[in-house]
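Quick notes on the structure that follows.
Every number in this text was worked out from the coordinates using simple rules, so none of it is lab data. Not measured: the values here are computed from a predicted model. Reconstructed Cβ throughout: ideal geometry from the backbone, glycine too, with neighbour counts over all protein chains shown.
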Amino acid sequence: MSVVALRGGRIIDPANGIDTLGDLVINAGVVAAVAPAVHVHADIEIDVAGLMVTPGWIDAHVHLRDPGQIHKEDLESGAKAALAGGFVQMCCMPNTIPALDTPERVAEVVRRSISTNIVIRPIGAISIGRHGTQLAPLRDMAAAGAIGFSDDGDSTKSPKVMREALLLSRELNLPIMVHCEDPELAAGGSLHRGDVSAELGDPGVPAWAEESYIERDIALAEETGGWLHVLHVSTARGAEMVRAAKARGVHVTAEVMPHHLLLTDEWVAGRRRYAGEAESLDELGRIDTNAKVNPPLRPAADALALIQAVRDGVFDFIATDHAPHSDAEKPPALAEAAFGMSGLELAVPTLARLVQRGDLTWPQVVDLFTRRPAQVLGLGGGTLSVGAAADVTVVDLQREWVVSPQTIQSRSKNTPMLGLTVRGKAVLTMVAGEVRHNELS
């Protein structure tokens, strides 16, 4: 294989404490050198001056809709979107049709992912059919390649099943990844219960619907000693519950999503203003069902509290919760629209906004999308160590682009950021030294 040199970029590799201007040299698909101005021969030289060079990003929470709903996304289209977003690995949720609740279905995802040019790691269901009442064969799914277990899209209904799963997590050393939502408290609501839901005449989803199940599942983890991973925390109190549980020594990890850090429930009403910013981007003058997501976007106070929790180290990593839906599944009527938004290609500009205004730093962000998910979930990668597979993401922090159906590679275009000009884009994505996505000019 050719020797490739990426010359003159800002190299950030939190796994090795690197933040420097320099060169990254790749030989035979692995990292050969990372240093300022490496004067070695290269068959291919790529000028990345002014760009950020990092380990390949990892998205630990995506919905690929395959099998069963491939009109929204499939492994191949999801991989294309991921690479365009700078991701080299992703973990896919089991709320497919049928659910990923058998070792055969988990193994099929592993087998089919080989041809996608990206590493896709399946998450198996906690319960059979994700119905929450009967434990799925976790041991067999782990042997088939599952890296964790979740009933995401729903909470696991039975505390007994959750307890059994948490006990097994100790044996398997794999996380029980929980969507926390009381279905009765949340029933009928399309967005956060508060001033905006009252304005729109929607029953709303109270914060306690999420927090009550976080409380339940943390208590079960504390009692069993099992590994609980709390998915997509969206409230300030939920983050504080995780913080307190960790302080007590409970084996709990947690994640937060970019949209919960920057967007608010006002976006559902069509008022597009970033949390913590006074200036309005624009007002659509209508409800935007693309902003209907589960858990829902919360008020600005929650978003700002979540940013502080990120700074404090409460969250173990950031993930997108990429949830593609077709246009037909996002009609104008709020109650009829599906929950979820496309996220793979918007993580970079969303986090870039937070860095640009001083809420986070790029070393923090890169750590939360590389070393941390790799380390916490045992995925491998997340580093530019010499000898490691050359999984690389190059980001143009100044690249401005318009979010549109034409610029989104995902099969589904359901994001409330449509029409906005954003800054920051993954322009080169390499997997094992091979260029898989290239927008360098």
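With a Cα cut-off of under 22 Å and a minimum spacing of 8 residues unless on different chains, the lysine pairs in the chain number 10.
Taking the average, over residues, of other Cβ atoms within 10 Å as the packing measure, peptides 412-423, 271-282 rank 412-423, 271-282 from highest down. Name the residue from Ala5, Leu261, Ala245 whose Cα lies farthest towards the positive end of the charge dipole of the chain, charges +1 on Cβ of Lys and Arg and -1 on Cβ of Asp and Glu. The Cα lying farthest towards the positive end belongs to Ala5. With the convex hull of the Cα atoms taken as the outline of the range 47-163, the averaged projected area works out to 8.3 nm².
Here the extension length gained between Ala187 and Ile44 equals 45.8 nm, from 0.36 nm per residue of separation less the Cα-Cα distance. Computed from Cα atoms, the angle from the helix 347-356 axis to the main principal axis of the chain rounds to 80 degrees. About its Cα centre, the dipole of the range 56-382 is roughly 720 debye, where the only charges are +1 on Lys and Arg Cβ and -1 on Asp and Glu Cβ.
Comparing Ala35, Ala239, Ala337 in a Gaussian network model of the chain where C-alpha atoms under 10 Å apart are linked, the largest mean-square fluctuation is found at Ala35. Sorting the segments 181-189, 344-352 by their residues' average number of neighbouring beta-carbon atoms within 10 angstrom, most packed first, yields 344-352, 181-189. If the elastic network links every pair of Cα atoms under 10 Å, which of Ala99, Ala219, Ala81 fluctuates the most in the Gaussian network model of the chain? In this elastic network of the chain, the residue with the biggest mean-square fluctuation among Ala99, Ala219, Ala81 is Ala219.
Couplings 3J(HN,Hα) for the range 235-242, derived from phi with the Karplus relation 6.51 cos²θ - 1.76 cosθ + 1.60 (θ = phi - 60°), are 10, 4, 5, x, 5, 5, 4, 5 Hz, where x marks Gly and Pro.
Solvent-free Debye calculation, one equal scatterer per alpha-carbon of the range 194-255: log10 I(q)/I(0) at 0.27 Å⁻¹ equals -1.10.
For the peptides 312-325, 7-20, the ranking by mean Cβ contacts within 10 Å, running from highest to lowest, is 312-325, 7-20.
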